[in-house]
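Structure record follows, encoded as structure tokens.
The values are calculated or read from the model by the stated rules, or taken from the named source; none is laboratory data. The shown structure was predicted, so the numbers you read here are calculated from the model rather than taken from an experiment. Because the Cβ atoms are built from the backbone with ideal geometry, glycine has one as well, and the counts that use them run over all protein chains shown.
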Amino acid sequence: MAKKVYIETVGCQMNVLDSELVIGALRRDGYEIAAEAADADLVLFNTCSVREHAEEKVYSALGRVIPLKRKRPETIVGVLGCMAQKDQELIRKRAPHVDLVIGTGQLARVSELAARARETRQPQYALSLGRAEAGRHEVEASFVSFDPIRDASMRPTPFQAFVRVQIGCDKFCTYCVVPSTRGPEQSRPPEHILAEVRQLVQQGCKEVTLIGQTVNSYEFERGDGRRTRLSDLLSQMHDVAGLERIKFVTNFPKDMTDDLLDAVRDLPKVMKYLHVPAQSGCDDVLKRMKRLYSVAEYREMLDRCRQRVPGVAISSDFIVGFCGESEASFAKTIDLVRDAKFKNSFIFKYSERPGTKASEKFTDDIPDEVKKRRNNDLLAVQNANSMADHRAQIGKTVEVLVEGPSKRALASGNSNGIVQFTGRAMTDHIVVFDGAERLAGRTVEVHIDDASAFTLYGRVVTTGFANEPVAVRLGDADEAPAYPAPLDHAPPREEKRIGLPLA
Ligand code: SAM
Ligand code: SF4
């Protein structure tokens, strides 16, 4: 009988992609997908270390599988990803029933190591080298980009896919674990990326989201010195017939070059949307975070984006309550968010991460209730701007790639041929409208009639698929929360818990 695998994923798009690829590879090795951990021979947790909260979620999930492991000791339990890379010893101590600990750079080995754990009844570990354990080349070589053949049935929709263009990060922001959990920044060869995109398009994919921690610093250099920048990659990808949309996340402010902005403006398939985290509006805080830019430079970058790419939508990330953030510093962040007119922002309370420079050098001195209050205050300013940004879309007609039924449609279950759909405009705005059932995966024009802070509401004006335009104002239908967005290929991440099956 075929073995069954169950996976839960916590974290960013990179983790969602890793889980898709791990499950695809296991299926090729004969595994079937189990809907419940209790039915599985292999139970995997793909983990995130960006905030403490994400890690605690994984430990409590690991606690929940103890009874299962007692009942069926042959069940293999595995921890994959960032926590595995960062905390192998701690996992061994806190969850001794775990059989597999496999870091972000070793995911190709899941099937082999699960078999070995089953055979030997011994825990198996596969980790990349720490940044200080060897020279850069050796460390790089130990973080292997895992990019096996794609399998359309492994994605929430066959017409959208993430594509990794870069692994790792070299920025070393003082609060962040990513440079150690995902290793040195390495850009994939453009021909590999293009081959993957062509294969995805053959499978029916229409929209790809290129992902990298600082995706706009993508640069591949050949032996003869020729370089491919992200703007070059976008131009090459633009020629792939059948591909309709290209999006890329996440951008580092200092790496936002004019050639990239010009590519966004000039290439019709590239979405007019930039996610560029600012993190703080105060220079002293930015310096302690080692973000490598000042507030004035960030503001100048925003102006440049808007000048060079008219109509571009911009979103951001902020951390509130970072070490030493005074009320005056925080007020500057409020000012930045008020002025910057982001489409949306993801706001996080600072979470001290052991092993980071911030945890060594600074004191996590802002009480949690102050972090909470600042989070709410900043969110209120952002939400007012999001509302204004969304309401400014009323009366426009936008091109929407239809993702599928909205949460409300899925919850109600009844359709009578007309379904409430959700999709995204070229500016990444979420659009909700009614349409005929077969619209999923199509691009339609939607006239925007109304808006909330997170969602645009409209009616299809050109269909070609449904006979009649359907005009509906969907009341308080499917408002997306500020964060995380639903089934989201949009800005990142967070401790979203996603249980497979994806099929
Ligand atoms: N590379 C991307 C970037 O620089 O924006 C994303 C990295 S991180 C996974 C996503 C977001 O998590 C960051 O933009 C930051 O706002 C937040 N973050 C990272 N470390 C954090 C920490 N220790 N506490 C709270 N938020 C954190
Ligand atoms: Fe972390 Fe992003 Fe900074 Fe890299 S650029 S260290 S991933 S926050």
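From the list GLU244, GLU297, pick out the single residue that is in contact (Cβ under 8 Å) with a residue 24 or more places away in the chain and over 29 Å from ASP339 (Cα atoms).
Answer to the check: GLU244.
One residue is enough: does the range 104-117 have a residue meeting the conditions within 16 Å of ligand 2 (Cβ to nearest atom), buried (at least 16 other Cβ atoms within 10 Å of the Cβ), under 23 Å from the mean Cα position of the chain (by Cα) and part of a strand (DSSP E or B)?
No, there is no match, as no residue in the range 104-117 is within 16 Å of ligand 2 (Cβ to nearest atom), buried (at least 16 other Cβ atoms within 10 Å of the Cβ), under 23 Å from the mean Cα position of the chain (by Cα) and part of a strand (DSSP E or B).
Just checking: which of the helices (runs of 4 or more DSSP H) contained wholly in the range 221-332 hold 2 or more residues that are more than 16 Å from ligand 2 (Cβ to nearest atom) and under 22 Å from GLU185 (Cβ atoms)?
The helices (runs of 4 or more DSSP H) meeting that bar are 230-238, 258-266.
In the range 345-368, which residue that is part of a strand (DSSP E or B) and within 14 Å of ligand 2 (Cβ to nearest atom) is surrounded by the most Cβ atoms within 10 Å (Cβ to Cβ)?
For the range 345-368, the residue satisfying everything is PHE346.
Filter the range 285-313 down to the residues that are within 13 Å of ligand 1 (Cβ to nearest atom), buried (at least 21 other Cβ atoms within 10 Å of the Cβ) and aliphatic (A, V, I, L, M) and list them by number.
VAL285, LEU286, MET289
Looking at the range 107-132, I want the residues that are in contact (Cβ under 8 Å) with a residue 12 or more places away in the chain and have a partner that is surrounded by 16 or more Cβ atoms within 10 Å (Cβ to Cβ) and acidic (Asp, Glu) with Cβ atoms under 7 Å, at least 6 apart or on another chain. Which pairs are those?
Pairs found: LEU107/ASP18; ALA117/ASP99; PRO123/ASP99; GLN124/ASP99.
From the set of residues in the range 202-232 that are within 20 Å of the chain's Cα centre (by Cα) and more than 16 Å from ligand 1 (Cβ to nearest atom), which is nearest to ASP151 (Cα to Cα)?
Per the criteria, the residue is CYS205.
Suppose we filter the range 118-136 for residues that are out of contact with any Ser or Thr (no Cβ under 9 Å at 6 or more places or on another chain) and surrounded by 14 or more Cβ atoms within 10 Å (Cβ to Cβ); how many remain?
The number of residues fulfilling the criteria is 5.
Among (1) away from ligand 2 (no atom under 13 Å from the Cβ); (2) on the phi > 0 side of the Ramachandran plot, where does VAL337 come up short?
Only one criterion is unmet by VAL337, namely (2).
Which of the numbered conditions does GLU403 fail, given that it passes all the others? Conditions: (1) modelled with pLDDT under 95; (2) assigned to a helix (DSSP H, G or I).
(2)
Please enumerate the residues belonging to the range 322-335 that are surrounded by fewer than 22 Cβ atoms within 10 Å (Cβ to Cβ) and either within 30 Å of GLN88 (Cβ to Cβ) or in contact with a helix residue (DSSP H, G or I) (Cβ under 8 Å, 6 or more places away or on another chain) (or both).
CYS323, GLY324, SER329, LYS332, ILE334
The rows are residues; the columns are (1) within 16 Å of ligand 1 (Cβ to nearest atom); (2) of a type outside the set (A, V, I, L, M, F, W, C); (3) touching a helix residue (DSSP H, G or I) at 6+ places or on another chain (Cβ under 8 Å); (4) under 27 Å from VAL197 (Cβ atoms).
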{"residue": "HIS137", "(1), (2), (3), (4)": "no, yes, no, no"}
{"residue": "VAL144", "(1), (2), (3), (4)": "no, no, yes, yes"}
{"residue": "PRO148", "(1), (2), (3), (4)": "no, yes, yes, yes"}
{"residue": "SER153", "(1), (2), (3), (4)": "no, yes, no, yes"}
{"residue": "GLN166", "(1), (2), (3), (4)": "yes, yes, yes, yes"}
{"residue": "CYS169", "(1), (2), (3), (4)": "yes, no, yes, yes"}
{"residue": "CYS173", "(1), (2), (3), (4)": "yes, no, yes, no"}
{"residue": "VAL177", "(1), (2), (3), (4)": "yes, no, yes, no"}
{"residue": "PRO184", "(1), (2), (3), (4)": "yes, yes, yes, yes"}
